[in-house]
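Take this structure, written in structure tokens, and hold onto it; I'll ask about it next.
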Amino acid sequence: MGYVSAVPVPQPRARAATAPDATGSRRSLAAGLLLGAAGATVVLLASSQTWAEGKAAVGGGSLPLTADGQDVTGLPAALAIVGLAALVAVFAVRSTGRLLVAGLLALSGLGAALSAYLGASDSAALNEKAAQTTGDTSATIDALSHTAWPYVTAAGGLLILIAGLLALRYGKLWPTMSGRYERDGTPRPRKAPRTAPDPDRPEDLWKALDRGEDPTH
């Protein structure tokens, strides 16, 4: 007479279906973190470099002037900081909150890229410096030229944008930070409370003394 086991048999197809999801989750997580952090770093560094150069007429001569990204527009750097905060916050929220934060991350990258690109041809910052230097409010800059740093800044913003798009697409598969629960959602085992040493057991008294405890309590 045969017996029928009540233990369910693992299904190979179910395992094969979850394996690509886990692999895609890890890859998208690594890519999102790398692109977001790298993009913010590029924006912050490139926006502090010289974006524009020119000369202001002073007393029959010319005075060379430069303007860095912060002089032209402080928006890319500010949005890069917002993007970094959103990148960290993605792991602290779930469901709808994660989608909203991922959207903020993407918008931060898009805004940083657009503002840097528009600032690549800006001349207002140097004209303002020319007016301050010469004391003539109508003074303008001559021989105006721009460097490649605004476009590097815009590229950094695009990296942040891609990180946000990855978070929107795969963020629901990413783990969530938690102080009590493990990544699989199960509670962490709690340590058993210490019991007072038994006076009738000398080994307990010695262990308490080794720990620096009072064996009489």
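The values are calculated or read from the model by the stated rules, or taken from the named source; none is laboratory data. For clarity, every value in this text was computed on a predicted model and none was experimentally measured. Calculation scope for accessible area: heavy atoms of the full protein, side chains included, ligands and nucleic acids excluded. Shrake-Rupley method; radii C 1.70, N 1.55, O 1.52, S 1.80 Å.
Quick one: ranking GLU128, GLU53 by accessible area, 1.4 Å probe, largest first, what do you get?
GLU128, GLU53
Separate question: Can you give me the % of accessible surface on region 21-103 that is carbon or sulfur? Probe 1.4 Å, all protein chains present, nothing else counted.
66
Kindly report the accessible area of region 122-175 per residue (heavy atoms of protein chains, probe 1.4 Å, no ligands, DNA or RNA), in Å².
Value returned for region 122-175: 53 Å² of accessible area per residue.
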